[in-house]
Amino acid sequence: MSGGKRVEALIDTGAALSCIDERLANSLNLPKMGPAKVAGVGGSENLELRLVQIYLPEFERLKYASLVAVKLAEGGQRHEVLLGREFLVEYRMLYDGRSGVVVFENQSKPIPVIHSDATLNAVISNGFGYGRRKRR
């Protein structure tokens, strides 16, 4: 997959929606899908939805999703992508509190993907041809 960025996406089971750092969304020139009303501890606001192509190499899965563009880095979050419940509906996630191990499974790849934290490797890209310059 060319033109993408490898990231470690944090699984956020407390979030209804998934989000992407606004700077990353802008650097990849992700298409804007319109506003989304987002509510949290600090209140609610309208933020921009971005169309994203996400490749999860551990599941050999390519997926298209709408992620909310937020200022993750400015808020002190080291992850550039947070995957919320709407993204996780086709996955099963088991957490072992004693060991801290998280096991991810999905139907297309029944072999568990095991992590010592709640992250998945992902490649985020535009993938739609938007903003690409034609070579002459």
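Rule-based calculations on the coordinates, nothing more; no lab input. What you are looking at is a predicted structure, and each value in this text was computed from that prediction instead of being measured. Please note: Cβ atoms are built from the backbone with ideal geometry, for glycine as well, and neighbour counts cover all protein chains shown.
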Q: With the cut-off at 15 Å, report for the range 1-90 the share of all Cα pairs above it, as a whole percent.
A: 59 percent
(Q) Give me the one-decimal nm value for the distance between modelled label points at ASN121 and LYS63, 7 Å along each residue's Cα-to-Cβ direction. (A) 1.7 nm
Q.
Taking every DSSP beta bridge with both residues inside the range 1-88, roughly what % is antiparallel (nearest 5)?
A. 80 percent
Q) Given 20 °C and 1.002 mPa s, how large is the Stokes-Einstein diffusion coefficient of the range 11-53 in µm²/s, with Rh as the Kirkwood radius over Cα pairs? A) 187 µm²/s
Q) Magnitude of the Cβ-charge dipole of the range 18-72, K/R +1 and D/E -1, about the Cα centre, nearest 20 debye? A) 120 debye
